[in-house]
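The values are calculated or read from the model by the stated rules, or taken from the named source; none is laboratory data. Since we're looking at a predicted model, the values are computed, not measured. Because the Cβ atoms are built from the backbone with ideal geometry, glycine has one as well, and the counts that use them run over all protein chains shown. Side chains are part of the model used for accessible areas, which takes the heavy atoms of the whole protein and leaves out ligands, DNA and RNA. Shrake-Rupley method; radii C 1.70, N 1.55, O 1.52, S 1.80 Å.
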Amino acid sequence: MCIQLIKERYNYRHLIWILAWVEFRQRYKNSVLGYFWSLLEPLLMLGVLYIVFSNLMKIQVEYYQLFLLLGIIMWSFFSRSTTLSLLSIRFKPNLIKKVYFPRDIMVISTCTTTFLMSLFESVVFVIFMALFQIPLSINIAYLPCIIFLFYILTLGVSLTLASLNVYYQDMQYIWALILQIGFFATPVIYPLSVFPPYLMKVLSYNPLAQIIFLAREVTLYSKAPDVASFVYVFFVAFVMLGIGYAIFNRLEPKFAEEL
Amino acid sequence: MAVIEVSHLNKVFRIPHEKRNTLFKAVTEFFTPVPFEIFHALKDISLSVEEGEMLGIIGVNGSGKSTLLKILARILVPTSGSVLIKKRVTPFLELGVGFNTDFTAAENIKIYGIIMGLSPKEIEEKSDYILEFAGLTRFRDTKLRNFSSGMHVRLAFSTAIQTNPQILLLDEVLAVGDIEFQKKCLDTLWAFKNEGVTMVYVSHDLDSVKKFCDRTLLLHKGEQVMVGDPREVVTRYQGHDAT
(Lines give C-alpha, C1' and ligand atoms only; values in the text may rest on other atoms or scores of the structure.)
Protein backbone atom coordinates (compact mmCIF):
# COMPACT_ATOMS: atom_id res chain seq x y z
CA MET A 1 0.00 0.00 0.00
CA CYS A 2 2.85 2.30 0.90
CA ILE A 3 4.70 1.58 -2.33
CA GLN A 4 1.49 2.10 -4.29
CA LEU A 5 1.08 5.50 -2.65
CA ILE A 6 4.62 6.58 -3.41
CA LYS A 7 4.27 5.42 -6.99
CA GLU A 8 1.04 7.33 -7.44
CA ARG A 9 2.46 10.50 -5.96
CA TYR A 10 5.53 10.12 -8.13
CA ASN A 11 3.24 10.27 -11.15
CA TYR A 12 2.03 13.62 -9.91
CA ARG A 13 5.52 15.02 -9.41
CA HIS A 14 5.10 17.67 -12.12
CA LEU A 15 1.93 18.93 -10.49
CA ILE A 16 3.55 19.03 -7.04
CA TRP A 17 6.47 20.89 -8.48
CA ILE A 18 4.48 23.47 -10.45
CA LEU A 19 2.17 24.25 -7.51
CA ALA A 20 5.18 24.66 -5.23
CA TRP A 21 6.91 26.87 -7.76
CA VAL A 22 3.85 29.09 -8.21
CA GLU A 23 3.57 29.58 -4.47
CA PHE A 24 7.27 30.20 -4.09
CA ARG A 25 7.30 32.85 -6.78
CA GLN A 26 4.17 34.50 -5.52
CA ARG A 27 5.52 34.87 -2.04
CA TYR A 28 8.28 37.17 -3.13
CA LYS A 29 6.82 38.98 -6.10
CA ASN A 30 5.53 41.93 -4.08
CA SER A 31 8.49 42.64 -1.91
CA VAL A 32 11.02 45.15 -3.18
CA LEU A 33 13.91 43.01 -2.09
CA GLY A 34 12.45 40.01 -3.86
CA TYR A 35 14.19 36.75 -3.19
CA PHE A 36 16.78 38.41 -1.00
CA TRP A 37 14.10 39.10 1.52
CA SER A 38 14.12 35.44 2.39
CA LEU A 39 17.84 35.68 3.14
CA LEU A 40 17.45 38.83 5.15
CA GLU A 41 14.74 37.49 7.40
CA PRO A 42 16.80 34.75 9.10
CA LEU A 43 19.82 37.04 9.21
CA LEU A 44 17.89 39.69 11.09
CA MET A 45 16.51 37.15 13.49
CA LEU A 46 19.98 35.71 13.94
CA GLY A 47 21.42 39.14 14.68
CA VAL A 48 18.84 39.97 17.33
CA LEU A 49 18.89 36.60 19.03
CA TYR A 50 22.65 36.45 18.92
CA ILE A 51 23.09 39.80 20.62
CA VAL A 52 20.53 38.96 23.27
CA PHE A 53 21.60 35.46 24.05
CA SER A 54 25.36 35.56 23.73
CA ASN A 55 25.86 38.89 25.49
CA LEU A 56 23.01 39.15 27.94
CA MET A 57 22.22 35.56 28.76
CA LYS A 58 25.82 34.39 28.34
CA ILE A 59 25.10 31.06 26.74
CA GLN A 60 28.25 28.98 26.46
CA VAL A 61 28.05 26.96 23.28
CA GLU A 62 30.76 26.32 20.77
CA TYR A 63 30.08 28.03 17.42
CA TYR A 64 27.01 29.65 18.93
CA GLN A 65 26.21 31.75 15.81
CA LEU A 66 25.95 28.64 13.68
CA PHE A 67 24.22 26.68 16.40
CA LEU A 68 21.62 29.41 16.49
CA LEU A 69 21.31 29.84 12.73
CA LEU A 70 20.77 26.14 12.11
CA GLY A 71 18.14 26.12 14.84
CA ILE A 72 16.33 29.09 13.33
CA ILE A 73 16.35 27.68 9.80
CA MET A 74 15.03 24.33 10.95
CA TRP A 75 12.41 25.80 13.25
CA SER A 76 11.12 28.15 10.60
CA PHE A 77 10.82 25.28 8.15
CA PHE A 78 8.54 23.52 10.60
CA SER A 79 6.50 26.51 11.64
CA ARG A 80 6.11 27.86 8.10
CA SER A 81 5.19 24.49 6.61
CA THR A 82 2.52 23.82 9.17
CA THR A 83 1.12 27.35 9.13
CA LEU A 84 0.90 27.52 5.33
CA SER A 85 -0.42 23.97 5.08
CA LEU A 86 -3.25 24.86 7.42
CA LEU A 87 -4.58 27.14 4.72
CA SER A 88 -3.51 25.06 1.73
CA ILE A 89 -6.89 23.35 1.33
CA ARG A 90 -9.16 26.03 2.75
CA PHE A 91 -7.89 28.83 0.55
CA LYS A 92 -7.98 26.98 -2.74
CA PRO A 93 -11.61 25.94 -3.10
CA ASN A 94 -11.37 26.14 -6.88
CA LEU A 95 -8.80 23.38 -7.12
CA ILE A 96 -10.93 21.22 -4.84
CA LYS A 97 -14.31 21.83 -6.42
CA LYS A 98 -13.53 21.99 -10.11
CA VAL A 99 -10.79 19.48 -10.82
CA TYR A 100 -9.70 16.22 -9.34
CA PHE A 101 -6.32 15.08 -8.17
CA PRO A 102 -5.35 13.48 -4.88
CA ARG A 103 -5.83 16.31 -2.40
CA ASP A 104 -2.74 15.57 -0.34
CA ILE A 105 -0.78 16.85 -3.35
CA MET A 106 -1.69 20.35 -2.22
CA VAL A 107 -0.16 19.79 1.21
CA ILE A 108 2.90 18.08 -0.23
CA SER A 109 3.47 21.00 -2.60
CA THR A 110 3.09 23.54 0.20
CA CYS A 111 5.68 21.70 2.27
CA THR A 112 7.89 21.62 -0.81
CA THR A 113 7.56 25.39 -1.20
CA THR A 114 8.70 25.97 2.36
CA PHE A 115 11.45 23.45 1.87
CA LEU A 116 12.68 25.49 -1.10
CA MET A 117 12.59 28.60 1.06
CA SER A 118 14.62 26.90 3.76
CA LEU A 119 17.07 25.60 1.22
CA PHE A 120 17.49 29.15 0.01
CA GLU A 121 18.11 30.35 3.54
CA SER A 122 20.67 27.62 4.02
CA VAL A 123 22.91 29.48 1.61
CA VAL A 124 23.55 31.92 4.45
CA PHE A 125 24.38 29.00 6.69
CA VAL A 126 26.88 27.54 4.24
CA ILE A 127 28.59 30.92 3.88
CA PHE A 128 28.86 31.18 7.66
CA MET A 129 30.24 27.66 7.83
CA ALA A 130 32.98 28.67 5.41
CA LEU A 131 33.67 31.96 7.19
CA PHE A 132 34.11 30.31 10.55
CA GLN A 133 36.08 27.47 9.00
CA ILE A 134 34.08 24.77 10.69
CA PRO A 135 35.83 21.42 10.21
CA LEU A 136 33.66 18.94 8.36
CA SER A 137 33.71 15.21 8.81
CA ILE A 138 32.24 12.24 7.00
CA ASN A 139 29.36 12.35 9.46
CA ILE A 140 27.78 15.15 7.49
CA ALA A 141 26.63 12.39 5.16
CA TYR A 142 23.91 11.68 7.73
CA LEU A 143 22.44 15.12 7.21
CA PRO A 144 20.28 14.33 4.14
CA CYS A 145 18.83 11.43 6.08
CA ILE A 146 17.96 13.66 9.02
CA ILE A 147 16.45 16.28 6.73
CA PHE A 148 14.37 13.61 5.03
CA LEU A 149 12.97 12.45 8.37
CA PHE A 150 12.29 16.06 9.28
CA TYR A 151 10.32 16.51 6.07
CA ILE A 152 8.31 13.33 6.74
CA LEU A 153 7.47 14.48 10.26
CA THR A 154 6.49 17.95 9.08
CA LEU A 155 4.33 16.53 6.30
CA GLY A 156 2.53 14.30 8.79
CA VAL A 157 1.69 17.24 11.04
CA SER A 158 0.74 19.40 8.04
CA LEU A 159 -1.67 16.82 6.62
CA THR A 160 -3.42 16.58 9.97
CA LEU A 161 -3.75 20.33 10.33
CA ALA A 162 -4.76 21.00 6.72
CA SER A 163 -7.65 18.56 6.86
CA LEU A 164 -8.84 19.60 10.32
CA ASN A 165 -8.79 23.24 9.33
CA VAL A 166 -11.41 22.60 6.66
CA TYR A 167 -13.87 21.65 9.38
CA TYR A 168 -12.67 23.68 12.33
CA GLN A 169 -11.69 27.16 11.35
CA ASP A 170 -10.20 28.03 14.70
CA MET A 171 -7.46 25.43 14.18
CA GLN A 172 -5.18 28.12 12.80
CA TYR A 173 -5.40 30.23 15.96
CA ILE A 174 -4.93 27.25 18.22
CA TRP A 175 -1.95 26.13 16.17
CA ALA A 176 -0.35 29.59 16.29
CA LEU A 177 -0.50 29.35 20.06
CA ILE A 178 0.99 25.86 20.10
CA LEU A 179 3.81 27.02 17.84
CA GLN A 180 4.61 29.85 20.19
CA ILE A 181 4.95 27.45 23.09
CA GLY A 182 6.80 25.01 20.85
CA PHE A 183 9.44 27.57 20.02
CA PHE A 184 10.52 27.63 23.65
CA ALA A 185 10.05 23.93 24.22
CA THR A 186 12.43 23.27 21.35
CA PRO A 187 16.11 24.03 21.75
CA VAL A 188 16.33 26.63 18.99
CA ILE A 189 18.19 29.34 20.85
CA TYR A 190 19.70 27.31 23.66
CA PRO A 191 20.83 23.72 24.19
CA LEU A 192 18.49 21.44 26.14
CA SER A 193 21.06 21.39 28.94
CA VAL A 194 19.96 24.83 30.16
CA PHE A 195 16.88 23.18 31.68
CA PRO A 196 16.86 21.42 35.02
CA PRO A 197 17.23 17.63 34.62
CA TYR A 198 13.57 16.70 35.08
CA LEU A 199 12.39 19.23 32.49
CA MET A 200 15.18 18.20 30.16
CA LYS A 201 13.96 14.64 30.31
CA VAL A 202 10.42 15.66 29.40
CA LEU A 203 11.50 17.98 26.60
CA SER A 204 13.78 15.41 25.05
CA TYR A 205 10.65 13.54 23.96
CA ASN A 206 9.95 16.44 21.64
CA PRO A 207 10.92 15.00 18.24
CA LEU A 208 11.87 18.44 16.95
CA ALA A 209 14.38 18.80 19.78
CA GLN A 210 15.93 15.51 18.75
CA ILE A 211 16.03 16.36 15.06
CA ILE A 212 17.66 19.73 15.63
CA PHE A 213 20.07 18.13 18.08
CA LEU A 214 21.05 15.48 15.51
CA ALA A 215 21.50 18.02 12.74
CA ARG A 216 23.81 20.12 14.92
CA GLU A 217 25.84 17.14 15.99
CA VAL A 218 26.62 16.01 12.46
CA THR A 219 27.20 19.41 10.84
CA LEU A 220 28.81 21.51 13.55
CA TYR A 221 30.47 19.08 15.88
CA SER A 222 31.61 16.34 13.49
CA LYS A 223 29.94 13.67 15.56
CA ALA A 224 28.15 10.55 14.46
CA PRO A 225 24.42 10.74 15.20
CA ASP A 226 23.28 9.34 18.51
CA VAL A 227 21.67 5.97 17.70
CA ALA A 228 18.91 6.22 20.30
CA SER A 229 17.72 9.64 19.13
CA PHE A 230 18.02 8.63 15.51
CA VAL A 231 15.84 5.58 16.01
CA TYR A 232 13.37 7.62 18.05
CA VAL A 233 13.11 10.31 15.35
CA PHE A 234 12.74 7.68 12.66
CA PHE A 235 9.77 6.08 14.40
CA VAL A 236 8.06 9.28 15.42
CA ALA A 237 8.37 10.69 11.88
CA PHE A 238 6.77 7.70 10.19
CA VAL A 239 4.12 7.24 12.85
CA MET A 240 3.20 10.90 12.46
CA LEU A 241 2.99 10.52 8.70
CA GLY A 242 0.72 7.51 9.21
CA ILE A 243 -1.53 9.45 11.57
CA GLY A 244 -1.55 12.40 9.18
CA TYR A 245 -2.64 10.27 6.24
CA ALA A 246 -5.21 8.39 8.33
CA ILE A 247 -6.92 11.62 9.40
CA PHE A 248 -6.57 13.24 6.00
CA ASN A 249 -8.02 10.28 4.11
CA ARG A 250 -10.93 10.08 6.50
CA LEU A 251 -11.86 13.73 6.09
CA GLU A 252 -10.95 14.14 2.42
CA PRO A 253 -14.13 12.80 0.72
CA LYS A 254 -16.18 15.71 2.08
CA PHE A 255 -13.73 18.53 1.32
CA ALA A 256 -15.61 19.58 -1.82
CA GLU A 257 -18.88 19.82 0.12
CA GLU A 258 -17.46 21.66 3.09
CA LEU A 259 -15.69 24.41 1.19
CA MET B 1 -17.82 -1.53 -24.38
CA ALA B 2 -19.32 0.61 -21.65
CA VAL B 3 -16.72 2.98 -20.24
CA ILE B 4 -18.97 4.60 -17.65
CA GLU B 5 -21.28 2.46 -15.60
CA VAL B 6 -23.44 4.03 -12.95
CA SER B 7 -25.78 1.88 -10.94
CA HIS B 8 -28.28 2.86 -8.27
CA LEU B 9 -26.42 6.04 -7.54
CA ASN B 10 -27.71 8.22 -4.73
CA LYS B 11 -26.36 11.48 -3.46
CA VAL B 12 -27.66 13.03 -0.28
CA PHE B 13 -26.47 16.35 1.07
CA ARG B 14 -26.88 17.11 4.74
CA ILE B 15 -27.40 20.79 5.17
CA PRO B 16 -27.11 21.84 8.81
CA HIS B 17 -29.26 24.76 9.90
CA GLU B 18 -26.35 26.30 11.67
CA LYS B 19 -22.80 25.66 10.63
CA ARG B 20 -20.61 24.50 13.45
CA ASN B 21 -17.19 25.23 12.14
CA THR B 22 -14.96 25.79 15.10
CA LEU B 23 -13.28 23.26 17.32
CA PHE B 24 -14.46 25.28 20.29
CA LYS B 25 -18.11 24.83 19.35
CA ALA B 26 -17.62 21.20 18.40
CA VAL B 27 -16.35 20.50 21.89
CA THR B 28 -18.64 22.70 23.97
CA GLU B 29 -21.79 21.72 22.09
CA PHE B 30 -20.88 18.12 21.62
CA PHE B 31 -24.10 16.83 23.15
CA THR B 32 -26.50 19.22 21.48
CA PRO B 33 -27.10 17.97 17.95
CA VAL B 34 -27.47 20.48 15.14
CA PRO B 35 -30.76 20.18 13.27
CA PHE B 36 -30.22 19.59 9.59
CA GLU B 37 -32.08 19.40 6.32
CA ILE B 38 -31.69 16.46 3.99
CA PHE B 39 -31.41 17.22 0.32
CA HIS B 40 -31.70 14.31 -2.02
CA ALA B 41 -29.72 15.56 -5.02
CA LEU B 42 -29.70 12.32 -7.00
CA LYS B 43 -32.11 9.42 -6.61
CA ASP B 44 -31.33 5.98 -7.91
CA ILE B 45 -29.58 6.87 -11.13
CA SER B 46 -28.50 3.99 -13.34
CA LEU B 47 -26.98 4.40 -16.74
CA SER B 48 -24.07 3.40 -18.86
CA VAL B 49 -22.16 5.22 -21.53
CA GLU B 50 -20.54 3.35 -24.37
CA GLU B 51 -17.08 4.15 -25.63
CA GLY B 52 -17.17 6.97 -28.16
CA GLU B 53 -20.70 7.90 -27.26
CA MET B 54 -21.84 11.41 -26.43
CA LEU B 55 -24.38 11.62 -23.68
CA GLY B 56 -26.30 14.81 -23.07
CA ILE B 57 -27.78 15.69 -19.70
CA ILE B 58 -30.61 18.19 -19.53
CA GLY B 59 -33.00 19.38 -16.85
CA VAL B 60 -34.11 22.46 -15.00
CA ASN B 61 -31.86 24.20 -12.47
CA GLY B 62 -31.36 22.14 -9.36
CA SER B 63 -32.20 18.86 -11.04
CA GLY B 64 -28.81 17.37 -10.18
CA LYS B 65 -26.99 17.69 -13.50
CA SER B 66 -23.87 19.25 -12.10
CA THR B 67 -23.87 16.96 -9.08
CA LEU B 68 -23.88 13.96 -11.39
CA LEU B 69 -21.05 15.42 -13.43
CA LYS B 70 -19.02 16.11 -10.30
CA ILE B 71 -19.48 12.56 -9.11
CA LEU B 72 -18.25 11.27 -12.46
CA ALA B 73 -15.24 13.57 -12.09
CA ARG B 74 -14.54 12.12 -8.59
CA ILE B 75 -14.93 15.56 -7.03
CA LEU B 76 -17.93 14.45 -5.00
CA VAL B 77 -18.30 11.04 -3.42
CA PRO B 78 -21.60 9.16 -3.89
CA THR B 79 -23.72 8.42 -0.82
CA SER B 80 -24.61 4.99 -2.14
CA GLY B 81 -24.45 3.07 -5.38
CA SER B 82 -21.50 2.51 -7.61
CA VAL B 83 -19.72 4.40 -10.35
CA LEU B 84 -17.34 2.49 -12.57
CA ILE B 85 -15.11 4.38 -14.96
CA LYS B 86 -12.68 2.54 -17.16
CA LYS B 87 -10.79 5.37 -18.83
CA ARG B 88 -9.09 8.58 -17.90
CA VAL B 89 -11.55 11.37 -17.13
CA THR B 90 -10.93 14.99 -18.08
CA PRO B 91 -13.40 17.37 -16.48
CA PHE B 92 -14.16 20.71 -18.12
CA LEU B 93 -16.38 21.95 -15.32
CA GLU B 94 -14.81 25.32 -15.29
CA LEU B 95 -12.15 26.60 -17.58
CA GLY B 96 -8.94 28.08 -16.29
CA VAL B 97 -8.83 26.43 -12.88
CA GLY B 98 -5.57 27.41 -11.24
CA PHE B 99 -5.00 30.39 -13.53
CA ASN B 100 -2.91 32.92 -11.75
CA THR B 101 -3.19 36.57 -12.75
CA ASP B 102 0.34 37.40 -11.61
CA PHE B 103 1.85 35.12 -14.21
CA THR B 104 2.24 35.50 -17.97
CA ALA B 105 0.18 33.70 -20.56
CA ALA B 106 2.98 31.26 -21.33
CA GLU B 107 3.46 30.48 -17.66
CA ASN B 108 -0.24 29.97 -17.15
CA ILE B 109 -0.37 27.53 -20.03
CA LYS B 110 2.25 25.56 -18.16
CA ILE B 111 0.43 25.67 -14.83
CA TYR B 112 -3.00 24.90 -16.23
CA GLY B 113 -1.66 22.28 -18.61
CA ILE B 114 -0.06 20.38 -15.77
CA ILE B 115 -3.19 20.61 -13.64
CA MET B 116 -5.10 19.14 -16.57
CA GLY B 117 -2.62 16.29 -16.81
CA LEU B 118 -0.18 17.23 -19.55
CA SER B 119 3.52 16.55 -19.12
CA PRO B 120 6.01 19.45 -19.18
CA LYS B 121 7.45 18.13 -22.41
CA GLU B 122 4.09 18.10 -24.17
CA ILE B 123 3.40 21.61 -22.99
CA GLU B 124 6.69 22.86 -24.33
CA GLU B 125 5.93 21.37 -27.71
CA LYS B 126 2.38 22.63 -27.86
CA SER B 127 2.77 26.01 -26.21
CA ASP B 128 3.11 27.95 -29.46
CA TYR B 129 0.22 26.15 -31.04
CA ILE B 130 -1.98 26.83 -28.00
CA LEU B 131 -1.25 30.54 -28.17
CA GLU B 132 -1.92 30.57 -31.89
CA PHE B 133 -5.20 28.70 -31.52
CA ALA B 134 -6.30 31.18 -28.87
CA GLY B 135 -5.20 34.04 -31.10
CA LEU B 136 -2.93 35.34 -28.37
CA THR B 137 0.54 34.83 -29.77
CA ARG B 138 1.31 38.52 -29.36
CA PHE B 139 0.48 38.37 -25.66
CA ARG B 140 2.75 35.48 -24.80
CA ASP B 141 4.62 37.39 -22.11
CA THR B 142 1.77 39.57 -20.92
CA LYS B 143 0.58 39.01 -17.40
CA LEU B 144 -2.86 37.52 -17.16
CA ARG B 145 -4.15 40.38 -15.05
CA ASN B 146 -4.11 42.52 -18.18
CA PHE B 147 -6.28 40.07 -20.12
CA SER B 148 -9.95 40.56 -20.82
CA SER B 149 -12.28 37.80 -19.67
CA GLY B 150 -12.69 36.65 -23.26
CA MET B 151 -8.95 36.27 -23.70
CA HIS B 152 -8.86 34.40 -20.42
CA VAL B 153 -11.36 31.85 -21.56
CA ARG B 154 -9.81 31.45 -24.99
CA LEU B 155 -6.44 30.70 -23.44
CA ALA B 156 -7.99 28.24 -21.01
CA PHE B 157 -9.99 26.41 -23.64
CA SER B 158 -7.07 26.20 -26.04
CA THR B 159 -4.91 24.69 -23.32
CA ALA B 160 -7.56 22.33 -22.03
CA ILE B 161 -8.26 20.72 -25.38
CA GLN B 162 -4.63 19.68 -25.73
CA THR B 163 -5.04 17.03 -23.06
CA ASN B 164 -5.93 14.09 -25.36
CA PRO B 165 -9.03 13.25 -23.35
CA GLN B 166 -10.49 9.78 -23.23
CA ILE B 167 -13.63 10.75 -21.39
CA LEU B 168 -14.59 14.40 -21.45
CA LEU B 169 -17.03 15.96 -19.00
CA LEU B 170 -18.42 19.25 -20.24
CA ASP B 171 -20.47 21.67 -18.20
CA GLU B 172 -21.79 24.53 -20.31
CA VAL B 173 -18.32 25.64 -21.24
CA LEU B 174 -19.29 26.42 -24.77
CA ALA B 175 -21.25 29.47 -23.71
CA VAL B 176 -18.17 31.63 -23.91
CA GLY B 177 -16.32 33.78 -26.38
CA ASP B 178 -17.50 35.38 -29.57
CA ILE B 179 -19.16 33.59 -32.47
CA GLU B 180 -15.90 32.91 -34.22
CA PHE B 181 -14.38 31.28 -31.16
CA GLN B 182 -17.55 29.34 -30.41
CA LYS B 183 -17.36 27.91 -33.88
CA LYS B 184 -13.76 26.88 -33.25
CA CYS B 185 -14.85 25.18 -30.04
CA LEU B 186 -17.63 23.26 -31.74
CA ASP B 187 -15.24 22.17 -34.47
CA THR B 188 -12.90 20.87 -31.83
CA LEU B 189 -15.67 18.94 -30.15
CA TRP B 190 -16.68 17.43 -33.49
CA ALA B 191 -13.08 16.41 -34.00
CA PHE B 192 -13.02 14.79 -30.57
CA LYS B 193 -16.24 13.00 -31.35
CA ASN B 194 -14.87 11.66 -34.60
CA GLU B 195 -11.76 10.48 -32.83
CA GLY B 196 -13.97 8.40 -30.58
CA VAL B 197 -13.73 10.41 -27.38
CA THR B 198 -16.50 9.60 -24.96
CA MET B 199 -18.31 12.73 -23.80
CA VAL B 200 -20.83 13.70 -21.19
CA TYR B 201 -22.34 17.07 -21.96
CA VAL B 202 -24.48 19.10 -19.57
CA SER B 203 -26.26 21.96 -21.26
CA HIS B 204 -29.26 24.23 -21.43
CA ASP B 205 -28.67 24.75 -25.11
CA LEU B 206 -31.18 22.21 -26.42
CA ASP B 207 -30.26 22.75 -30.07
CA SER B 208 -26.69 21.72 -29.52
CA VAL B 209 -27.85 18.74 -27.48
CA LYS B 210 -30.06 17.59 -30.35
CA LYS B 211 -27.30 18.18 -32.85
CA PHE B 212 -24.39 16.52 -31.04
CA CYS B 213 -25.60 13.93 -28.59
CA ASP B 214 -26.21 10.28 -29.35
CA ARG B 215 -28.36 9.84 -26.28
CA THR B 216 -29.74 12.22 -23.72
CA LEU B 217 -30.66 11.92 -20.08
CA LEU B 218 -33.41 14.05 -18.56
CA LEU B 219 -33.20 14.73 -14.86
CA HIS B 220 -35.93 16.22 -12.72
CA LYS B 221 -35.44 16.87 -9.01
CA GLY B 222 -32.70 14.29 -8.88
CA GLU B 223 -34.73 11.62 -10.60
CA GLN B 224 -33.96 9.99 -13.87
CA VAL B 225 -37.01 10.81 -15.98
CA MET B 226 -35.94 9.48 -19.33
CA VAL B 227 -32.90 8.33 -21.28
CA GLY B 228 -32.89 7.92 -24.99
CA ASP B 229 -33.00 9.64 -28.35
CA PRO B 230 -32.13 13.34 -27.90
CA ARG B 231 -35.09 14.57 -29.98
CA GLU B 232 -37.64 12.65 -27.95
CA VAL B 233 -36.07 13.58 -24.65
CA VAL B 234 -35.90 17.26 -25.57
CA THR B 235 -39.55 17.19 -26.64
CA ARG B 236 -40.49 15.63 -23.34
CA TYR B 237 -38.46 18.23 -21.48
CA GLN B 238 -40.11 21.08 -23.36
CA GLY B 239 -43.52 19.58 -22.69
CA HIS B 240 -42.63 19.54 -19.00
CA ASP B 241 -41.69 23.15 -19.18
CA ALA B 242 -45.05 24.13 -20.56
CA THR B 243 -47.06 22.50 -17.82
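Dipole check for the stretch B:101-163: with +1 at the C-beta of Lys and Arg, -1 at the C-beta of Asp and Glu, and the Cα centre as origin, the magnitude is about 180 Debye.
Sites listed here are GluC sites (Glu not before Pro) in the stretch B:119-210 whose DSSP assignment is loop and whose Cβ has at most 11 other Cβ atoms within 10 Å, and the list is empty. When accessible surface is computed with a 1.4 Å probe, chains B and A are found to bury approximately 2600 Å² between them, both chains counted.
In the distance distribution for chain A, Cα-Cα pairs more than 31 Å apart total 28 percent.
Each of A:L136, A:I212, A:Y190 was scored by the projection of its Cα onto the charge dipole of the protein assembly as shown, and the greatest displacement toward the positive side belongs to A:Y190; charges sit on the C-beta of Lys, Arg, Asp and Glu.
Partners of B:K183 within straight-line reach, counting lysines whose Cα lies under 22 Å from its Cα and excluding those fewer than 8 residues away in the same chain: B:K126, B:K193, B:K210, B:K211. In plain terms, the chain from B:S48 to B:I179 could stretch by 43.8 nm, reckoned as 0.36 nm per residue minus the Cα-Cα distance. Once you've got the GNM for chain A with C-alpha springs shorter than 10 Å, pick whichever of A:Y142, A:Y198, A:Y190 has the biggest mean-square fluctuation. Among A:Y142, A:Y198, A:Y190, the largest mean-square fluctuation in the Gaussian network model of chain A belongs to A:Y198. Of A:I247, A:I105, the order by accessible heavy-atom surface (1.4 Å probe, DNA, RNA and ligands excluded), from most exposed downward, is A:I247, A:I105.
Ellipsoid semi-axes for chain B, based on the Cα gyration tensor and the rule √(5λ), read 33, 27, 17 Å when sorted largest first. Once you reduce the stretch B:1-54 and the stretch B:60-83 to the center of their Cα atoms, the two points are 9 Å from each other. Report, in order of residue number, the helices in chain A meeting two criteria: a C-alpha extent of 15 Å or more along the helix axis, and a mean Kyte-Doolittle hydropathy of at least 1.6; treat each whole DSSP H run as one helix. Once both thresholds are applied, what remains is A:104-131, A:143-167, A:227-251.
Here the contact order of the stretch A:156-220, divided by its residue count and restricted to Cα pairs under 8 Å and six or more residues apart, works out to 21 percent. Here the stretch B:91-124 and the stretch A:193-259 have alpha carbon centers that stand 36 Å from each other. Extension gain for B:R231-B:S119 works out to 36.3 nm (0.36 nm per residue, less the C-alpha to C-alpha distance).
Helical runs assigned H by DSSP (4 residues or longer) give chain A a calculated mean residue ellipticity at 222 nm of -24000 deg cm²/dmol, each run adding -39500 (n - 2.57) before division by the residue total. In terms of the mean number of neighbouring beta-carbon atoms within 10 Å, the peptides B:210-217, A:161-168 order highest first as A:161-168, B:210-217.
What net charge do the residues around B:L42 carry, taking every other residue with its C-beta under 12 Å from that of B:L42, with Lys and Arg at +1 and Asp and Glu at -1? Every neighbour counted, the sum reads +3.
From the largest down, the stretch B:118-243 spans 53, 29, 25 angstrom on the principal axes of its Cα atoms.
Taking every residue in A:97-105 and counting other chain Cβ atoms within 10 Å of its Cβ, the average works out to 5. Considering only alpha-carbon pairs that sit under 8 angstrom and 6 or more positions apart, the relative contact order computed for the stretch B:27-117 is 17 percent. Where q = 0.15, 0.16, 0.21 Å⁻¹, what log10 of I(q)/I(0) comes from the Debye formula for the stretch B:1-105, counting one point per Cα? Debye intensities relative to I(0), on a log10 scale: -0.82, -0.87, -1.11.
Here chain B carries DSSP beta bridges of which approximately 55% are antiparallel, counting only pairs with both residues inside. The distance from the alpha carbon centre of the stretch A:161-181 to that of the stretch B:152-208 is 42 Å, rounded to a whole number. For the protein assembly as shown, the convex hull spanned by the alpha carbon atoms encloses 187 Å³ per residue. Counting trypsin sites (Lys or Arg not before Pro) as exposed when in a DSSP loop with at most 16 other beta carbons within 10 Å, what is the longest stretch of chain A free of them? Value returned for the longest uninterrupted segment is A:59-222. Each peptide in B:56-67, A:148-159 receives the mean, over its residues, of other Cβ atoms within 10 Å, and ordering these scores from highest gives A:148-159, B:56-67.
Contact order, relative form, for chain A: 27 percent (alpha carbon pairs under 8 Å, 6 or more residues apart, mean separation divided by residue count).
For the stretch A:84-214, the solvent-accessible area works out to 43 Å² per residue, with a probe of 1.4 Å and every protein chain left in place.
The number of Lys pairs in chain A with C-alpha atoms less than 27 Å apart, excluding pairs fewer than 8 positions apart on the same chain, is 12. Helices in chain B, meaning DSSP H runs of at least 4 residues, each add -39500 (n - 2.57). Divided by all residues, the mean residue ellipticity at 222 nm is -11000 deg cm²/dmol.
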